[in-house]
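To start, the structure itself, in structure tokens.
Throughout, read-outs are computed from the coordinates displayed, never taken from laboratory work. Just so we're clear, the structure is a prediction, and the values are computed from it rather than from any experiment. Note that each Cβ is placed from the backbone with ideal geometry, even for glycine, and that neighbours are counted across all protein chains shown.
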Amino acid sequence: MSSDYEYSDDDGDYYDDEEMIDGTQDDLSGASEDDMDMDVYGGDDFKVTPKGKRKSYEVDYDSLSQSAVEKLVKEDVDYICSICGVDESVASLLLRHMKWNKERLVEKYMDNPTSLLVAAGVTAPEPTTTSAQSRTRSIDGSASRRSTRGATRILALGGSKTKSPTTSPPLSHYTPRSFKPKSDEPFVCPICFDDSSDLRTLALDCEHTFCSGCWNAYLVSKIRDEGEHSVKCMAEGCALVCPDPFIRTVLVPAPGAPIGDPTQEEDNRKAWSHFQELLVRHYVASNKRLKFCPYPGCTNTVSCPSAADKSSLTTIVPTVSCGARGIGGQMTQSQSQSGWGLTGKEHKFCFGCHIESDHRPVVCSVARMWLKKCRDDSETANWIKSNTKECSQCQSTIEKNGGCNHMTCKKCKHEFCWVCMGPWSEHGTAWYSCNRYDEKAGVDARDAQSRSRASLERYLHYYNRWANHEQSAKLSLDLYAKTEKKMEDMQITSSLTWIEVQFMKKAVEEVERCRMTLKWTYSMAYYLAKGNEKDLFEDNQRDLEKAVEDLSELLEGPIEPENIPMLRQKVTDKTVYVQKRNEIVLEDTAKGFLEGRWKWNASVEGFDEPERTEY
Amino acid sequence: MASIAARRLAKELKEIHAEGCPVGINLLKADDFETWWFSIEVMGESLYKNEAYTLQFRFDAQYPISSPAVQFVVTDGHQAPIHPHVYSNGHICASILGNEWSPVLSVTAVCVTLQSMLASCKKKERPVDNDRYVRHAPDNPKKTQFHYDDDT
Ligand SMILES: [Zn+2]
Ligand SMILES: [Zn+2]
Ligand SMILES: [Zn+2]
Ligand SMILES: [Zn+2]
Ligand SMILES: [Zn+2]
Ligand SMILES: [Zn+2]
């Protein structure tokens, strides 16, 4: 299942004519890609990786729907039912209390069932003294109540009608009590003071009785506003937890029940379904092999056993996808739904950390370190994010509105690189070192002030490029729209069909994906220790960057109808090439992690301390 | 649910007027069902002998299902008692105002609990994180997720 959402297979979706890609292989060694070393990356490499074969930068995972997780939950519940001889609702409370650790649960239950049942809020603690004293127990607040700072007695309102602790069999199937007090006194709900004679009342095993309206408001508030899956009895200090059937009875009207207030019923329905989700979330959060999809409104879960162990995160980057696309109401489960832009965006996230995007090729701990550094230094670097800069030749303001870094000043026609502000002419040739930080300044720095300046400059070098790729990828939404327009125009001005103009879309998507890779390579390069390995890493980074900029420029250029066949050829070639360069960066970096080849210039969680902290 | 809050508060107010407040506690002002003020004093021997403080209760439509926002008044010359669970901005770290709130607790019950919280205090001091908390504290103490430790 997982491989359906992985990178290589996307090709199949966008290219209905894969032969076109294969057919262009020979052209790759052509003039436009003269710096491509064909001996190292032989022609065979251009074949699309066969389905099912996992690449070194990918992990195996499965995506599970909420109901699939509910099945797993049910299995655990059934298991506990059969081992401990309790009913489902009790088993569920016990499992929640034990954070779904079945083995520990069974062990504890066998050891002392009563204490576990009390701790889990299934039964009230047995009275330890005479029944006369136990009668006031719940008014006092039981001994198990935590911290009111040695407060004396808490006064409950309206005279608590506590009975002595119930001795009803705790393990029977739960049926909510619904009764009237036996005394002649009419029942008054101690919360809302309603004393209507037709008041419906409910209580847990503790027999703390309240009206159904108060229970309803309380459950909705606890579930919806506080996100609690273990809701305690409303009585002060009572530790009994509402079992699922009780919650259901309150929130979900029985079939044939009289029609109530529609807003209330809607709130109840939502609360009940949110409660189901909270249970699934708790189960998932308690299981290291599972992670809940972080995208808003999504209720899918991903299972990734290979990343369950934290120590694995120094060797792999567990990028996963839950299988859904889009946000909220526009979400689809269908993978073939290849929507444009954000509405169809795949739910990609990292299984190993909280970063809600694909941070390959860099491992979690380095990515986290980098993001923290960027947060800490955000003010210093803020100006870089701005979308306007001055032309280095005529000082007129230039606004960036596409993803391409090759800028041409409208006024003086000066061509320069947006990132380093250097002349573009130096970038087009084999000599392209925009990605590499010139260490000389740092080495030459003698006094503390120039050292700190050099260290800031060094950071800004990486941050600048990082932020630029992020910004360019964000601008890709505009690019999508523009490209779609171009595709429409192309169909009119050429004989190409809709399928045949898909190469434009494919190219735009490839550029966005590669910019994400590039972005993270800058966080990696910032922390990589100086040396041969870093040089090779930056070589690959440079090649990918140059390829991406070339393709990006091609996509943003004007289209002359007579050149469309040539453009199509060029874009297709470059897309394949860019894809390949991206593969190389991802593959080689991933292999480097598996081999323990990468050394850092700072101490990184999970890795050996650097030998020396020189950049 | 607003009607429940109003009915419940009306009932509480009626009880206070009829039976009075517990010793050391006095209703200062309750003109509506949004904000009430009480004066609170610790009776008998304690570190807070002869000191009076003002407690403010703010109720929303969810009351009593959700807790009132309770704090000591620190404006107009009033001060919060110096106590390990009372911040200098008047916010109080007490579990019954947070995760152990029960809808059966009344306003006077809360007053009595806070009164005994003061009475049992062994050393007058501010919470260790007072300065940090006060700098970033939300206006409404209910928005704070206090961590309730089990000591004292
Ligand atoms: Zn009620
Ligand atoms: Zn109870
Ligand atoms: Zn999702
Ligand atoms: Zn991660
Ligand atoms: Zn210019
Ligand atoms: Zn440059």
Inset, instruction - Straight distance only, please: which lysines reach the Cα of A:Lys410 with their own Cα at less than 19 Å, same-chain residues fewer than 8 apart left out? - result: A:Lys389, A:Lys400
Legend entry - Qualifying lysines (Cα of each under 21 Å from Cα of B:Lys124; at least 8 residues distant if same chain): B:Lys49
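Per residue of B:93-99, count partner chain C-beta atoms within 10 Å of its C-beta, then hand back the mean as an integer. Let's see the in-between values first.
Numbers: counts 2, 4, 6, 10, 1, 0, 4.
Mean shielding by partner chains, rounded to a whole number: 4.
Within a 10 angstrom radius of the beta carbon, how do A:Thr114, A:Thr572, A:Thr521, A:Thr123 rank from fewest other beta carbons to most?
Numbers: A:Thr114 13, A:Thr572 20, A:Thr521 29, A:Thr123 23.
Ordered from fewest to most neighbouring Cβ atoms within 10 Å, A:Thr114, A:Thr572, A:Thr521, A:Thr123 come out as A:Thr114, A:Thr572, A:Thr123, A:Thr521.
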Inset, instruction - Report, in whole Å, the centroid distance computed from the Cα atoms of the range B:96-133 and the range A:455-504. - result: 58 Å
Inset, instruction - Would you mind calculating the gained length between A:Ser197 and A:Lys591 on full extension (0.36 nm times residue separation, minus the Cα-Cα distance), in nm to one decimal? - result: 134.4 nm
Legend entry - Over the range B:1-132, relative contact order from alpha-carbon pairs under 8 Å, at least 6 apart, %: 22 percent
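Give me the inter-chain shielding for B:55-65: mean count of other chain Cβ atoms within 10 Å, whole number please.
2
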Inset, instruction - With 20 Å as the limit, write out which pairs from A:Lys99/A:Lys288; A:Lys505/A:Lys580; A:Lys345/A:Lys474; A:Lys53/A:Lys310 have Cα-Cα distances beyond it, or answer none. - result: A:Lys53/A:Lys310
Inset, instruction - Compute the distance in nm between two label points, each set 7 Å from the Cα along the Cα-to-Cβ direction, one at A:Asn563 and one at A:Ile327. - result: 3.6 nm
Inset, instruction - For peptide B:103-114, compute the average count of partner chain beta-carbon atoms within 10 Å of each residue's beta-carbon. - result: 6
Legend entry - Degrees separating the helix B:107-119 axis from the principal Cα axis of chain B, which is the longest one: 20 degrees
Legend entry - Crossing angle, helix B:2-19 versus chain B [Cα axis fit, 0-90 degrees, rounded to tens]: 80 degrees
Inset, instruction - Arrange the following residues from fewest to most other Cβ atoms within 10 Å of their Cβ: A:Lys506, A:Lys591. - result: A:Lys591, A:Lys506
Legend entry - Partner lysines for B:Lys142 [C-alpha distance under 16 Å; skip if fewer than 8 residues away on the same chain]: A:Lys222
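With a cap of 10 neighbouring Cβ atoms within 10 Å, and only residues DSSP puts in a loop, list the trypsin sites (Lys or Arg not before Pro) found in the range A:48-103. Present the calculation step by step, with values, prior to reporting the outcome.
On the way: sites: A:Lys51, A:Lys53, A:Arg54, A:Lys55, A:Lys71, A:Lys74, A:Arg96, A:Lys99, A:Lys102; in loops: A:Lys51, A:Lys53, A:Arg54, A:Lys55, A:Lys99.
Sites meeting the loop and neighbour criteria: A:Lys53.
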Inset, instruction - Take the cross-link list A:Lys546/A:Lys591; A:Lys348/A:Lys519; A:Lys71/A:Lys291; A:Lys348/A:Lys534 and give me the ones stretching past 19 Å between alpha-carbons. - result: A:Lys546/A:Lys591; A:Lys348/A:Lys534
Legend entry - Ranked list, fewest to most other Cβ atoms within 10 Å of each Cβ, for A:Thr201, A:Thr517: A:Thr201, A:Thr517
